[in-house]
C-alpha cells in the first residue's frame, strides 16, 4: 500500500470510529469555547490519524489532611487497543506503590506484571466485583475528575463504558442478569442463572 492509499485508509478508519469522532469533536469544542480542561481520555493515532489505542482515566482521587483533593491516585485507567476485543484496566491506590490490574481478551498489559520495569510498582489483580461495582453498573460520568463542561467528553466516556461492557461480555467476564437488573460476574451467572 502506498502512502496516498494509506492516508485515505487512515481517514476512513478514523471516520468509522465512534470514539475517535467523539474525541475529535470534544477537542474542537475545547478550542472553540476556550475551555481550560481537556478530555478525560484520548485517542492515540499514527501520523496519518489512524487510531490504534483508546484510553480514559476516571476516579474520585483522594483528599489529603488539609482537605485538598488530588487526582494522582485512586484513579481507574481503561485502555483498549484498536482491533483487539480485550481491555486492560489499571487502578492506582491511594498512598501506595501498589496498583491493581485487570486484563482480558489478549489486550497487552503495557505496564503490568510482565513489563520489564515492573519493579518500580507492585501489581495485584483487580477483582471483577470491583470492576462491576465501580465501572460497569454505575454511570462512569459520576466521578469527581470528569469534566462536565464539554458534552463531547461525556459522550466519549459513555462510549468508553459501552466498549468496556462489550469487551467484558465478549470475553465471558460479565453477563446481564435480568433478575438483578444489572451485570454480574459470568461465573455467578453460570452457577445460578444459566438454564441447562
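Read-outs: derived from the displayed coordinates by stated rules, not from any lab. No experiment lies behind these values; they were computed from the predicted model shown. When we count neighbours, we look across all protein chains shown, and the Cβ atoms used for this are built from the backbone with ideal geometry, even at glycine.
Just a few scattered comments:
- Separation of alpha-carbon centers, the range 143-166 and the range 1-36, rounded to whole Å: 17
- Debye-sum result for the chain in log10 I(q)/I(0), which assumes one identical scatterer on each alpha carbon, at q = 0.11, 0.12, 0.14 Å⁻¹: -0.58, -0.69, -0.92
- The label point for residue 35 and the one for residue 16, both projected 7 Å from the Cα toward the Cβ, are 2.8 nm apart.
- In range of the label at residue 96: residues from the range 65-79 whose backbone nitrogen is under 19 Å from the point 7 Å along Cα→Cβ: 65, 70-78
- With a Förster radius of 45 Å applied to the C-beta separation of residue 4 and residue 64, the computed FRET efficiency comes to 0.25.
- Per-residue extension of 0.36 nm, minus the Cα-Cα distance of residue 191 and residue 73, leaves a gain of 38.9 nm for this segment.
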